[in-house]
Amino acid sequence: MATKAKVRTGRRPVSRDRADSRFAAAALAPAWIFLAVLIGYPLVQVLIDTFNHVNLINPAVSGFAGLDNFREVVADPHFGGAVRNTVVWTAGSVVGEYAIGLVAALLLNRKVRGQAAFRVMTFIPWLVPIIVAGMTWAWMLNPDFGIVNYLLTKFGVIDQPINFLGNKHWAMPTVIFVNVWRSFPYYTISFLAALQAIPGDLYEAAQIDGASPWRRFISVTMPHLRSVSLIIVFIHIIWTAVNFDFIWVMTEGGPNYATITLPILIYRYSMKEFNVGQASALSTMMLIGTSLIFVVYYRYRRKLSEEIVG
Amino acid sequence: MKKHLTLVAALAAVPLLLAGCGSDSKDTDSTASAGSDTATTADAGTDTDAGTDTDAGTDDGGSTESKGTIELWTCWTEGADTEAASLEQIRLFEEATGYTVNQQNFTYDMLHEKIIASAAGGNLPDAIWGLPEYVGEFYKLGILADLTAAWDTWEDKDKVSDAVKEAMVIDGKVIGFPYEATARAYLVHDDILAEAGVAVPETWEDVIAIGTKVEDATGSSAFGVTGTGVREPQELLVYLAEVDAELATAQPGGGYRNIWNDDPAELAKATKAFQFYIDVMASGAANPNSATYGWEETDENFVTGLTATFVTGNWLSERESTVPEMADISVHPVPYPEGGHTATYIEAKPLMVMADSDVLEGATLLSQAFASEAWQSAAFPTRSALSTVSTDSKWVKDFAALLEYGVVYPPVALGEITQAQIDAVALVLQEGQSAEEAAAWLGNAINDALANSGDLAQ
């Protein structure tokens with residue numbers, strides 16, 4: 001018959017389970033307090049402000065707003081464009097990063113001379129701070145004195161310099177390109193780690209069975225990258241969708257709102273118009289959107305885990 | 001016993017960890033030692049933003065007592081003369097007054113955002129630099145101390161021009177001491193215009209008449225336009241002032257209102273300013289890319305001679321020694337329309353004191369000291385608000401001569417209004433709308449912004 005072990009304390013015996021629970025609670029307390037103070041409190045405050053009229057500089061704007069803040073956000077003439085730009089920015093960045101990151105990982109996984117040097121060089125963009133990368137590219141892409149336009153015109157690729165960040169048709173593809181340039185090494189690192197974990201026997205067996213390189217890539221390599229792909233793609237969808245600094249540094253949402261995304265719209269509500277209620281409403285809408293993305297990720301993750309475990 | 005110790009240790013760690021992530025607490029102890037301030041500085045130094053932190057105090061390990069610590073936020077160019085001279089002046093101030101100054105440096109944009117956030121969180125510094133555009137907002141936030149009494153007893157107050165003092169006053173109260181004041185002038189590369197055989201234009205019509213002559217002859221654009229960023233609203237303000245159009249007009253019963261859409265004559269004035277943007281672009285005098293350029297690109301293009309003439313400030317003098325192309329620059333009044341008059345934007349920057357400062361007296365003294373003749377002569381010899389601080393350089397006397405034509409922003413919250421100005425110029429330069437459409441749109445947008453901030457006349 002099992003009996004609960006007793007732990008003697010100064011005053012009365014306490015069961016081991018209870019002592020373990022107390023210790024666990026004590027050990028977790030700092031983390032819970034941090035979460036409550038640094039995430040919970042601001043989150044609750046945002047939710048409260050979402051349903052109230054809050055203006056930092058106009059005390060006359062106050063009181064319960066109901067859904068007014070949501071209505072005003074949706075009625076904002078820049079809202080539709082910001083949603084569309086956020087989707088394009090996120091999808092373009094993630095697809096580009098995935099494709100280039102995968103290609104770079106496959107190349108770096110081959111045994112070639114100077115492999116270590118190539119790997120280090122590939123990772124350099126990721127080491128550059130966003131603000132430095134953004135400002136440097138902005139100067140390089142300048143139509144009057146930027147090196148990119150100089151080289152493109154010098155070698156006859158284009159007749160006239162292109163105002164990459166100042167032309168509303170070029171601005172979004174350009175900021176996506178620069179974001180891909182900076183972020184693809186993260187994918188490369190992740191894919192490289194996964195590629196190196198694939199047993200060489202599988203490739204040998206496939207080769208013996210007459211599989212072409214393309215067939216080996218599709219049937220051996222890609223299945224082993226599914227798990228890491230799922231994680232980094234979903235993480236980057238959320239990271240890119242909520243990213244503020246990259247576009248802000250390069251275009252500030254311009255020219256004339258051509259690259260404005262939802263985070264930049266939130267910034268404008270709060271820091272230009274001081275309309276905290278509206279900023280909170282849009283933040284809540286983004287929170288719901290990213291939470292849905294996380295739910296989708298969780299379901300895929302569980303399904304994939306079940307498949308792998310069998 | 002072991003488990004109890006672990007529990008106690010874990011619980012004890014909580015307040016320590018929380019203290020570690022807390023914000024700097026202001027030193028309210030009037031007898032706080034310089035040594036205690038060192039801890040504050042070290043903490044601030046771990047801030048993850050790009051601000052830098054310098055304790056210019058005479059900290060000698062706690063041997064001297066401080067009357068209190070003044071948290072000062074500045075926006076000087078790091079490594080420039082102003083920084084070195086100001087740090088020395090801060091040291092002298094500390095010696096003379098017994099206060100310790102804990103100074104941190106930011107860009108103006110960063111400072112603006114941090115003040116808004118700090119005001120919401122109730123954790124403000126004691127004294128701050130700022131742009132005139134911030135005054136209305138900060139005043140509405142209720143964070144600015146009334147420095148009227150300190151101004152009245154300030155020995156250098158008579159050396160400040162009326163226009164600069166006007167920029168320090170809101171609702172009849174002085175809210176800052178001017179630590180820097182500059183005007184805008186029309187700067188011209190004389191050699192480039194001479195090579196093109198073009199005289200220095202005096203009017204908008206002269207500028208438009210140049211067309212592509214300068215570019216054809218020299219490869220440089222004749223005239224610089226700022227299409228976006230913080231500089232663009234200032235530029236538009238000047239052109240509007242030259243046709244006597246006001247962004248927001250003070251109303252008899254209090255408050256402000258844009259009256260362009262109420263009065264066709266006023267709308268016609270504003271339309272004229274927008275038409276200048278359209279015409280100067282259409283004439284070929286301005287670089288079409290500048291429709292989306294901010295101050296970074298436009299200043300760079302002018303300094304290097306890619307633009308022959310440009311309305312800008314005397315801060316460019318700092319680059320004269322390293323850029324040989326600047327040797328031929330001359331200073332002129334800003335071109336104006338026929339029938340109008342020249343104007344310039346006076347950027348008089350106030351050193352503001354926070355109303356809830358625990359060291360209000362010390363912060364006010366520091367603010368006064370910054371604007372004093374000794375400090376201005378040492379740190380701002382080319383950009384001083386004091387008439388007695390000057391040099392023979394064109395960057396000082398030729399700019400100072402334009403101060404009488406100066407205009408400033410109305411004392412209202414400007415964040416939304418300046419954004420609307422940028423959007424309005426984009427309507428004509430990027431979206432192809434007419435000057436009248438842009439002017440009418442801006443008039444309505446300004447009134448919407450005034451309503452949102454509570455500045456609109458009832």
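Numbers below:
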| read-out | value |
| --- | --- |
| Which numbered condition B:A374 misses (of (1) more than 14 Å from chain A (Cβ to nearest Cβ); (2) open to solvent by 60 Å² or more (accessible area, probe 1.4 Å); (3) over 22 Å from B:T203 (Cα atoms); (4) touching a helix residue (DSSP H, G or I) at 6+ places or on another chain (Cβ under 7 Å)) | (4) |
| Residue list for the range B:208-224, restricted to those being surrounded by fewer than 21 Cβ atoms within 10 Å (Cβ to Cβ) and in contact with a helix residue (DSSP H, G or I) (Cβ under 6 Å, 6 or more places away or on another chain) | B:K213, B:A217, B:T218 |
| Close pairs from the range A:197-225: first of a type in the set (D, E), partner open to solvent by less than 60 Å² (accessible area, probe 1.4 Å), Cβ under 6 Å, at least 6 apart | none |
| Single match in B:A120, B:A42, B:A50, B:A80 (criterion: over 30 Å from B:L414 (Cα atoms), at pLDDT below 95 and either open to solvent by 10 Å² or more (accessible area, probe 1.4 Å) or among the β-branched types (V, I, T) (or both)) | B:A42 |
| Residue check, A:R301 more than 12 Å from chain B (Cβ to nearest Cβ), open to solvent by 60 Å² or more (accessible area, probe 1.4 Å) and either on the phi > 0 side of the Ramachandran plot or among the charged types (D, E, K, R) (or both) | no |
| Options B:G415, B:G443; residue that is more than 22 Å from B:W151 (Cα to Cα), modelled with pLDDT of 95 or more and assigned by TED's automatic domain parsing to the domain that holds B:S330 | B:G443 |
| Elements of type helices (runs of 4 or more DSSP H) in the range A:18-118, at least 1 residues being among the aromatic types (F, W, Y) and surrounded by 14 or more Cβ atoms within 10 Å (Cβ to Cβ) | A:68-75, A:79-108 |
| Qualifying positions in the range B:140-193 - within 26 Å of B:A117 (Cβ to Cβ) and open to solvent by 10 Å² or more (accessible area, probe 1.4 Å) | B:K140, B:L141, B:G142, B:I143, B:L144, B:D146, B:A167, B:D171, B:K173, B:E180 |
| Subset of the range B:333-357 [within 22 Å of the chain's Cα centre (by Cα) and of a type outside the set (V, I, T)] | B:P333, B:A343, B:Y345, B:E347, B:A348, B:K349, B:P350, B:L351, B:M352, B:M354, B:A355 |
| Among (1) surrounded by fewer than 21 Cβ atoms within 10 Å (Cβ to Cβ); (2) of a type in the set (A, V, I, L, M); (3) more than 14 Å from chain B (Cβ to nearest Cβ); (4) farther than 25 Å from A:R299 by Cβ, the one test that A:V249 misses | (3) |
| Any chance B:S384 is of a type in the set (S, T, Y), open to solvent by 10 Å² or more (accessible area, probe 1.4 Å) and not assigned by TED's automatic domain parsing to the domain that holds B:E71 | no |
| Selection status of A:P223, assigned to a helix (DSSP H, G or I) and over 28 Å from A:A133 (Cα atoms) | yes |
| Test: residue in the range B:274-296 that is acidic (D, E), modelled with pLDDT under 95 and either open to solvent by 60 Å² or more (accessible area, probe 1.4 Å) or outside the structural domain of B:A420 (by TED's automatic domain parsing) (or both) | yes |
| Top-ranked residue in the range A:261-298 [being among the small types (G, A, S) and more than 14 Å from chain B (Cβ to nearest Cβ); ranked as least open to solvent (accessible area, probe 1.4 Å)] | A:A281 |
| In the range A:159-183, the residues that are in contact with a Leu (Cβ under 9 Å, 6 or more places away or on another chain) and more than 14 Å from every other protein chain (Cβ to nearest Cβ) | A:V178 |
| Residue tally, condition within 14 Å of another protein chain (Cβ to nearest Cβ), open to solvent by 10 Å² or more (accessible area, probe 1.4 Å) and at negative phi, over the range B:225-245 | 3 |
| Qualifying helices (runs of 4 or more DSSP H) (wholly inside the range B:131-215; at least 3 residues being closer than 23 Å to B:Y277 by Cβ and more than 14 Å from chain A (Cβ to nearest Cβ)) | B:190-196, B:204-210 |
| Unique match (being modelled with pLDDT of 95 or more, in a helix (DSSP H, G or I), away from chain B (no Cβ under 14 Å) and on the phi < 0 side of the Ramachandran plot) among A:I231, A:I237, A:I218 | A:I237 |
| Hits in the range A:17-65 (condition: more than 16 Å from B:A120 (Cβ to Cβ), in contact with a Phe, Trp or Tyr (Cβ under 9 Å, 6 or more places away or on another chain) and within 13 Å of another protein chain (Cβ to nearest Cβ)) | A:A25 |
| Criterion: modelled with pLDDT under 95, under 25 Å from the mean Cα position of the chain (by Cα), surrounded by fewer than 21 Cβ atoms within 10 Å (Cβ to Cβ) and more than 14 Å from chain A (Cβ to nearest Cβ) - qualifying residue of B:T322, B:T304 | B:T322 |
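Residue-wise test of (1) within 14 Å of another protein chain (Cβ to nearest Cβ); (2) assigned to a helix (DSSP H, G or I); (3) open to solvent by 20 Å² or more (accessible area, probe 1.4 Å).
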{"position": "B:L351", "(1), (2), (3)": "no, no, no"}
{"position": "B:D358", "(1), (2), (3)": "no, no, yes"}
{"position": "B:D398", "(1), (2), (3)": "no, yes, yes"}
{"position": "B:P411", "(1), (2), (3)": "yes, no, yes"}
{"position": "B:Q433", "(1), (2), (3)": "yes, no, yes"}
{"position": "B:E436", "(1), (2), (3)": "no, yes, yes"}
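The values are calculated or read from the model by the stated rules, or taken from the named source; none is laboratory data. Given the structure is predicted, the values throughout are model-derived calculations rather than measurements. Don't worry about glycine lacking a Cβ; one is built from the backbone with ideal geometry, like all the others, and counts go over all protein chains shown. Areas reflect the complete protein model, heavy atoms only, side chains present, ligands, DNA and RNA absent. Shrake-Rupley method; radii C 1.70, N 1.55, O 1.52, S 1.80 Å.
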